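Taking it in order: structure first as structure tokens, then the write-up.
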Amino acid sequence: MAELAPQELRVLVAVADAGGFSAAGTALGLTQSAVSHSVRGSEGKIGAVLFERGRTGARPTPAGERAVAHARRILRLYEVLGAEARGAGRGALEGTLRIAAFRSAALHLLPPALERLTSRHPGLRPEVRVVRELGAGTAGEVAEGRADLGIATLGGSAAVPAGLLSGALVEEPYALVHPAGHPDPRSLPLLDWDENCGSYTRQWWAAQDWIPRATVKAEDDGMVLTMVGRGLGMAIMPALSLDGATGAVEIADLGPDRPTRTVGYVTTREQGATLAVQALIRELRAGRERPAG
């Protein structure tokens, strides 16, 4: 198979992101016919149809989705190549570091690690995107080439996509959270949110006859914590989600058989070999190993 040039890869990504040839051309400063010609050439080289064309634009076929994901990852390596080469003589890291994280990790796990990392390497520019841990979640962002590293929940119902590297950072216990001073918190309605859905946790919940069905659903864990503090119910939440708890709530241990959640990182093999990603993983691990206080 003939190799695709970097510009051909950029065109594939632009068409997928823009949803059409004309919009991709505008983004790249090319004519629609030039974009169409480039895509046809790429399809000829690969030997597969990459986009379904229609009146409303173009969307990737299954083959196109894979091609675009690889294209993003290859183009990202070009960027990393330059950044690492420029910093090599000074022993410094520079350039962007793209991170996808679910909300509580972005709020409580990442900031101290990024603070230490950027203090050592001022030329490094982290870009953090909050991604809901549903469906493909943060691991999907990494697999599709949109992030260099994802902070993900591991070992749940959704397996890490094939070909990605992962490692555990922290094992979080779940706890019962209820309004401060409530005499009978287990009698309260259960508050929940969609991302709170590890398979092991759900199995544990199903075996507890005192836990009712969730009667109130919220958008995220922060909203659940606020609602508990307002006396609207109780919740079962992991430790990271409780880092911002105020005196309006009390946290009760669920005992030795309490469920846990594994939070870890996900990256690609090629990004896992880059200096910036390796440095971030070290800081994430070091931060969780430090004693509190």
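Quick rundown of the values:
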item	result
Heavy atoms of Leu9: accessible area, 1.4 Å probe, square angstrom to 10	20
Rel. contact order, % - alpha carbon contacts under 8 angstrom, at least six apart, the stretch 131-285	39
By average C-beta atoms within 10 angstrom, highest first, the peptides 132-139, 41-48, 92-99	92-99, 132-139, 41-48
Which labelled figure in (i) 19.2; (ii) 20.7; (iii) 21.5 is Kirkwood radius over Cα pairs in Å, once derived from the coordinates	(iii)
The chain, relative contact order in percent, only Cα pairs under 8 angstrom and at least six apart counted	19
Where Glu127, Glu270 fall by accessible area, highest first, once all protein chains stay in place (1.4 Å)	Glu127, Glu270
Mean separation of Cα contacts under 8 Å (6+ apart) over length of the stretch 46-180, as relative contact order %	22
Label-point separation, Thr215 to Glu52 (7 Å along Cα→Cβ), nm	4.4
Derived scalar couplings ³J(HN,Hα) [the stretch 90-100; Karplus, 6.51 cos²θ - 1.76 cosθ + 1.60; whole Hz; x for Gly, Pro]	9, x, 10, 9, 8, x, 8, 10, 8, 10, 10
The stretch 89-131, Rg to Rh (Cα coordinates; Rh as Kirkwood inverse mean 1/r)	1.03
Surface share of carbon and sulfur [accessible, 1.4 angstrom probe, percent] for the chain	53
Between helix 32-46 and the chain: long-axis angle, C-alpha atoms, 0 to 90°, nearest 10	80
Extension gain, Asp184 back to Glu84 (0.36 nm per residue minus Cα-Cα distance, nm)	30.2 nm
Backbone HN-Hα couplings from phi across the stretch 143-151 [Karplus 6.51/-1.76/1.60, Hz, Gly and Pro as x]	4, 7, x, 8, 9, 7, 8, x, 9
Alpha-carbon centroid distance for the pair the stretch 213-285 / the stretch 136-150, whole angstrom	19
Long-range HN-HN contacts of Ala152 with modeled amide H, under 5 Å	Gly264, Tyr265, Val266
Charged-residue dipole, Cβ positions (Lys, Arg, Asp, Glu), the stretch 1-94 about Cα centre, Debye nearest 20	100
Positive-end residue of His182, Gly229, Gly41, charge dipole of the chain with Cβ unit charges	Gly41
Listed residues Val130, Val266 arranged by accessible area, highest first, probe 1.4 Å	Val130, Val266
Amide H contacts of Ala147 (H built 1.01 Å from N, under 5 Å, at least 5 apart or other chain)	Val142
The chain, helix-only ellipticity at 222 nm - DSSP H runs n ≥ 4, -39,500 (n - 2.57), divided by all residues, nearest 500	-12500 deg cm²/dmol
Rounded to 5, percent antiparallel among DSSP beta bridges of the chain	65
Spin-label proximity, Met223 to the stretch 132-149 - amide N less than 18 Å from point 7 Å beyond Cα toward beta carbon	132-135
Positive minus negative residues near Thr201 (Lys, Arg vs Asp, Glu; Cβ under 10 Å)	+3
Total charge dipole magnitude, the chain, about the Cα centre, Cβ charges on Lys, Arg, Asp, Glu only, Debye to nearest 20	760
Accessible area expressed per residue, the chain, with surrounding protein chains retained (probe 1.4 Å, Å²)	50
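The values are calculated or read from the model by the stated rules, or taken from the named source; none is laboratory data. The structure presented is a predicted model; accordingly, all values stated were derived computationally and were not measured. Here Cβ is always computed from backbone atoms with ideal geometry, including for glycine, and neighbour counts include all displayed protein chains. Please note that ligands, DNA and RNA were not included when accessible areas were found on the heavy atoms of the full protein model with its side chains. Shrake-Rupley method; radii C 1.70, N 1.55, O 1.52, S 1.80 Å.
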